[in-house]
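K.L.:
I have a structure here, written as structure tokens, and I will follow up with some questions on it.
The values are calculated or read from the model by the stated rules, or taken from the named source; none is laboratory data. Predicted model, so just to flag it, every value in this text is computed and none were measured. In this analysis, Cβ positions are derived from the backbone assuming ideal geometry, glycine residues included, and neighbour counts consider all displayed protein chains. Remember, those area values only see protein heavy atoms, side chains included, never the ligands or the DNA or RNA. Shrake-Rupley method; radii C 1.70, N 1.55, O 1.52, S 1.80 Å.
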Amino acid sequence: MAFFLAIANRKGGVGKSTVAVMLAHALSVHGGKRVLVIDLDSQCNASLILMGGQGWNEARKSGRSIADYFYDLFDGIPANARDYVAKNVGDVSAANGKPAPVALVPGSLLLEDIQGELYLKQANQSNIADVVANRVRGRMESLIRRFEGDFDIVILDCAPGLSFAALAALKTADKVIVPFRPDYVSQLAVDRVALLIEDTRNLDDLAAIPMSERRYACIANYVRNDDRDYLMIEEISLVHPVLETFLPQRNGIADAFDYVGAPRSIDAKYGDAAGDVKELHDEVARMIAATRKEKVGA
Ligand SMILES: Nc1ncnc2c1ncn2[C@@H]1O[C@H](COP(=O)(O)OP(=O)(O)OP(=O)(O)O)[C@@H](O)[C@H]1O
Ligand SMILES: [Mg+2]
């Protein structure tokens, strides 16, 4: 059974797609896992990082995007989830020199429009807004789960904000990783997404859930070598679980956003951030193993 890892924050530009793709490469190369990335953002950044513009255009023109998948299967058309998966994407090679086995359900500019259409379809069956919204989210959740058969880890790169797809991803996830920048605006955003993930009304209710039992972990990104940043991370750690690994601002991370085509080693791809990638991998792999163990024991 696959482990579902959502990368989410209601705030934009905090490094969600960067962390999603970094973890996909690392879990595949360092961890030897079969990884699928599902691009749930109509900006399609994860798809562009993993396929480049040309590859992504070809995928969406041939009707193999997440929007096509939701649209085609929403009413129970018996299409196969596998038909929407692009295999061996990315520009990182495995130890054997072949492309790392990372797969992708490509994103689509139409994802938002399609969510509106699916809502209207459901609205024919009920006029209670909450019921309709829950049905759309629930249906998306079950469609996302259909990918689990062929993979060890499914990474869900969420759009900022609260789309149905993002809500479905948060419900599906065994664990949510919340990247944040160490500043006050980010702290508020982390609070809000944490309340949503844990289904709690306020921070007092959230505090009643032990950190070790939370379904999310935050990661500080874009960290400058500055006391104010470290202090902010400490403050957020008082309220939320925060990974020990943090990501500094690095050229290697910014450059990794660009797809170069020919596969190279993960260390070459991430340059001055190769050590950060390995460290993040090791901590997240431990977290996944511990969460799986709890689930089996439950
Ligand atoms: N640690 C870092 N060092 C340098 N650049 C970074 C770092 N983290 C992210 N970036 C850059 O910041 C920009 C935003 O990152 P990214 O697109 O991953 O954020 P996001 O949260 O997915 O944004 P959105 O909400 O728009 O989906 C990108 O250009 C990325 O290359
Ligand atoms: Mg993004």
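K.L.:
Exactly one condition in (1) out of contact with any Cys (no Cβ under 7 Å at 6 or more places or on another chain); (2) open to solvent by 10 Å² or more (accessible area, probe 1.4 Å) is not met by Ile49; state its number.
P.N.:
All conditions are met except number (2).
K.L.:
Output the number of the condition that Asn80 fails; it satisfies all remaining conditions of (1) surrounded by fewer than 16 Cβ atoms within 10 Å (Cβ to Cβ); (2) over 21 Å from Asp152 (Cβ atoms).
P.N.:
So the condition that Asn80 fails would be (2).
K.L.:
Could you please let me know if Ala290 is under 27 Å from Val89 (Cα atoms) and either assigned to a helix (DSSP H, G or I) or of a type in the set (D, E, K, R) (or both)?
P.N.:
Judged against the criteria, Ala290 is not a match.
K.L.:
So which of Leu231, Leu203, Leu196, Leu156 ends up being within 16 Å of ligand 2 (Cβ to nearest atom) and either crowded, with 20+ Cβ neighbours inside 10 Å or at negative phi (or both)? Don't jump to the end; show me each part of the working.
P.N.:
Values: Leu231 fails: within 16 Å of ligand 2 (Cβ to nearest atom); Leu203 fails: within 16 Å of ligand 2 (Cβ to nearest atom); Leu196 fails: within 16 Å of ligand 2 (Cβ to nearest atom).
When all the criteria are applied, what remains is Leu156.
K.L.:
Continuing with this model, one more query. Sort out which residues of the range 248-265 are crowded, with 16+ Cβ neighbours inside 10 Å, away from ligand 2 (no atom under 16 Å from the Cβ) and in a loop (DSSP other than H, G, I, E, B), and write them in order of number.
P.N.:
Arg250, Pro263
K.L.:
Kindly indicate the residue of the range 206-228 that is farther than 27 Å from Asp174 by Cα and charged (D, E, K, R) and also surrounded by the fewest Cβ atoms within 10 Å (Cβ to Cβ) among those meeting that condition.
P.N.:
For the range 206-228, the residue satisfying everything is Asp227.
K.L.:
So for the range 103-115 (the condition being open to solvent by 30 Å² or more (accessible area, probe 1.4 Å), without any contact (Cβ under 8 Å) to a residue 40 or more places away in the chain and farther than 18 Å from Ala168 by Cα), does at least one residue qualify?
P.N.:
Checked against the condition, which is being open to solvent by 30 Å² or more (accessible area, probe 1.4 Å), without any contact (Cβ under 8 Å) to a residue 40 or more places away in the chain and farther than 18 Å from Ala168 by Cα, the range 103-115 yields no hits at all.
K.L.:
A follow-up question, please. Condition first: within 16 Å of ligand 1 (Cβ to nearest atom), open to solvent by less than 30 Å² (accessible area, probe 1.4 Å) and either assigned to a loop (DSSP other than H, G, I, E, B) or among the hydrophobic types (A, V, I, L, M, F, W, C) (or both). Now tell me which residues in the range 29-46 satisfy that. Full working, then the answer.
P.N.:
At the first step, the residues of the range 29-46 found to be within 16 Å of ligand 1 (Cβ to nearest atom) are 37-46.
Keeping just the survivors that are open to solvent by less than 30 Å² (accessible area, probe 1.4 Å) gives 37-42, 44, 46.
Scanning the range 29-46 gives Val37, Ile38, Leu40, Asp41, Ser42, Cys44, Ala46.
K.L.:
Give the residues of the range 3-18 that are within 8 Å of the chain's Cα centre (by Cα) and within 12 Å of ligand 1 (Cβ to nearest atom), sorted by residue number. Before the answer, list the steps.
P.N.:
Our first condition is that a residue be within 8 Å of the chain's Cα centre (by Cα); within the range 3-18, this holds for 5-8, 16-17.
Correct list: Ile7, Ala8, Lys16, Ser17.
K.L.:
Let me ask something else. Among the residues of the range 179-193, write down those that are open to solvent by 20 Å² or more (accessible area, probe 1.4 Å) and either without any contact (Cβ under 8 Å) to a residue 24 or more places away in the chain or outside any loop (DSSP other than H, G, I, E, B) (or both).
P.N.:
In the first step, residues of the range 179-193 are kept if they are open to solvent by 20 Å² or more (accessible area, probe 1.4 Å); the result is 181, 183-185, 187-188, 191-192.
Those that are open to solvent by 20 Å² or more (accessible area, probe 1.4 Å) and either without any contact (Cβ under 8 Å) to a residue 24 or more places away in the chain or outside any loop (DSSP other than H, G, I, E, B) (or both): Tyr184, Val185, Gln187, Leu188, Asp191, Arg192.
K.L.:
Keeping to the range 7-27, report how many residues are open to solvent by less than 10 Å² (accessible area, probe 1.4 Å) and either in a helix (DSSP H, G or I) or aromatic (Phe, Trp, Tyr) (or both).
P.N.:
Total meeting the criteria: 9.
K.L.:
Turning to a different aspect of this structure: Write out, first by first residue and then by second, each pair whose Cβ atoms fall under 6 Å of each other, whose residues are 6+ apart or on separate chains, and whose first residue, in the range 246-257, is farther than 18 Å from Cys218 by Cα while the second is within 16 Å of ligand 2 (Cβ to nearest atom).
P.N.:
So the pair list comes out as Phe257/Ile49.
K.L.:
Pairs, please: C-beta under 6 Å, at least 6 apart or cross-chain, first residue over 17 Å from Phe70 (Cβ atoms) and in the range 125-142, second assigned to a helix (DSSP H, G or I)?
P.N.:
As it stands, the answer is Ser126/Val132, since those pairs meet every condition given.
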